[in-house]
Amino acid sequence: MALAPLLPAAAVAVGTVKVDAALPYVCTLPSGPQQATVRITAAFPERASAGEEIRPADVTTTVELPAAAVAGLTTPRATAVRAETRLAVGVAQDEQRTEATWSGTAQPVAVPAEGALVLTTTGDVPSLTTGTAGELVLTAGALAVDLAPSAADGAATTPPSLSAACVPAPDAEGRTVLARVPVGAGATTGTPSAPPPSTTAPSSPSPSLPTDRPAPPTAPGTTRATPGTPKSPEGGPRSEGKGLATAEEEPPGTPAPRPDAPPCVTEKPTSLSLSAYITGYSNVRKLNGANVIPVSCALIEQGQPEFDPREDGFHLITKSTARLSYQGRAQTPPFRATFLTFGFTPTTATLVLEQTGPMSIDSDVLLIFPDNIAETYVRAPLVLRVLDVRVNGTPLDVGPDCRTEKPLTSPEPDPATYPGDHLVLLGKGQLINGTDAEGYVLTGGGPLTGTVTIPPFKDCGADGEDLDRLLTAAISGPDNHVKQIQGQTCSVGLETPPPDQCTEDRQPLVVPKPER
């Protein structure tokens, strides 16, 4: 992507504040997670007025990768490497937040025979505008680094590109603030002048502050709000107000109300603990209908990512586990289903999906610059339990133990690795560098789909009446389509969970809606 030149230093020399921040980061590379130092320099105006454009200048991003990371680049005979970076910068004013992406490129640099590799990128960054007075706070967030190694003869190496996902190290907590810009209601002095005629203005859009808070980006496999297009938690665009993106029916600064959802609390979180809500539809083919699976809590323990070099490129493999949680039990909340049994009899039942074993989440992200292709398989052993039934309004006593005789079953693409009966859902996503993720990724959520066979029922009935065959004939069978929507995860294990992901009591902020 062609980048316009930065404003010259002379244009911002008066009334500016220079920023030079060296921050500890952790970068996931082919050689594994590596400590790295990220140095960010920029110039900001000392102050600004409401409605005035705030343009960061002289922006550079320098990534210092340790020798262990350099060794991974020399494996494919790389002698030089070219870098592109994308730094997520959070912008906050009181309770309002948005996000900008600072992109940069670098000329090829030689891969050192020993020691650290230092990559410095420069490029345009979007300007900022706010229509209200108050301090703007800019904070450094996740950093994506795309590396294009080359051999001594200039030829591309195999693989032709590598990607690194970097996040601030835990000990960087509270040190990632890049700048604080006071914004007043009236005119100010000493702010940078407009670009001279010989200077090309940045082509990046200028984000305004939204009233709600989009989820911040993290490593590859997450969603990210596009600068200049603030989005609501449901993904729709917000209307633009006076310098602020505001919802027309709400006063500025009022967050959208969070929908009702069952408690989703992680009792003893680790640094890798996540939580999320999930909901959706499941067809029952025999009854020619679909039933809503209610909003349910999933407690996730994210695995450590591992790199797997293959013929088609590097794969980032992450194996995680999860558990449904409702009132201390591994199950969904009870939900009601109403169908026409055998095509003419109205039947209502209260159902629960009970988890009977470990739930696995296997994510595979193919790192191909500039795109990343993600596939995630969710495998869960779930038994369908029937709590009560009413046929044409008349109670039908199914007893306390009515359930499917084994877990729901899906076609398994890898039965040797994953034997046994379980539901299989697949989420596919595409992560184009610098844009929103499309489809499903674990930390950002999205749609998961699959087909399931409902097994025969057992232990249904009371007072000597056997209802197993009745329920089996009415419900059990193959080829039932399932579509579940997972919401944005909450990084509950962090010392300070992101307010764009989590409520104040560390529960998922985003409550998804079912989609057919």
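The values are calculated or read from the model by the stated rules, or taken from the named source; none is laboratory data. Since the model is a prediction, treat every value here as computed from it, not as a measurement. Counting neighbours? That spans all protein chains shown, and the Cβs are built from the backbone with ideal geometry, glycine included. Accessible surface areas use protein heavy atoms only, side chains included; no ligands, DNA or RNA. Shrake-Rupley method; radii C 1.70, N 1.55, O 1.52, S 1.80 Å.
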Next on the checklist: Quick check for you: with a 1.4 Å probe and neighbouring chains kept, what is the accessible area per residue of the range 90-139, in Å²?
Outcome noted: 37
Item to check | Percent RCO, i.e. relative contact order, over the range 372-435, from Cα pairs under 8 Å lying at least 6 residues apart | outcome: 46
Next on the checklist: Given an 8 Å cut-off on Cα distances and at least 6 residues of separation, report the relative contact order of the range 378-489 as a percent.
Outcome noted: 26
Next on the checklist: Amide H of residue 437 versus every other amide H placed in the peptide plane: which residues, excluding those fewer than 5 positions away on the same chain, fall under 5 Å?
Outcome noted: 224
Item to check | Calculated FRET value between residue 516 and residue 185, using beta carbons and R₀ = 45 Å, to 0.05 | outcome: 0.40
Item to check | Violating pairs (Cα-Cα greater than 31 angstrom) within the set 319/513; 406/428; 18/268; 18/319; 18/428 | outcome: 18/268; 18/319; 18/428
Checklist entry - If ligands, DNA and RNA are left out, what is the accessible area of residue 84 with a 1.4 Å probe, given in Å² to the nearest 10? => result 40
Checklist outcome for this item: With the 8 Å Cα cutoff and a minimum separation of six or more residues, the range 458-516 has a relative contact order in percent of 26
Checklist outcome for this item: The correct pair for the range 277-325, radius of gyration to one decimal and Dmax as a whole number, both in Å and from Cα atoms, is 17.4, 47
Checklist outcome for this item: Regression test value, accessible area per residue of the range 406-466, probe 1.4 Å, units Å², expected 44
Checklist outcome for this item: With all protein chains in place and a 1.4 Å probe, residue 458 shows an accessible area in Å² (nearest 10) of 80
Checklist entry - So how far apart, in nm, are the two label points at residue 272 and residue 17 if each is 7 Å from Cα heading toward Cβ? => result 3.9
Item to check | Apportionment of accessible area to carbon and sulfur, the range 384-488, percent (1.4 Å) | outcome: 52
Checklist outcome for this item: Accessible-area order for 278, 54, largest to smallest, probe 1.4 angstrom, reads 278, 54
Item to check | Accessible heavy-atom area order of 378, 167, 118, highest first, probe of 1.4 Å | outcome: 118, 167, 378
Checklist entry - If you take the beta carbon distance between residue 469 and residue 417 as r and set R0 to 41 Å, what does 1/(1 + (r/R0)^6) give as a FRET efficiency, to the nearest 0.05? => result 0.70
Item to check | Inter-probe distance in nm under a simple model that places probes 7 Å from Cα toward Cβ, at residue 285 and residue 397 | outcome: 3.6
Checklist entry - Viscosity 1.002 mPa s, temperature 20 °C: Stokes-Einstein D of the range 379-461 from its Kirkwood Cα radius, in µm² per second? => result 137
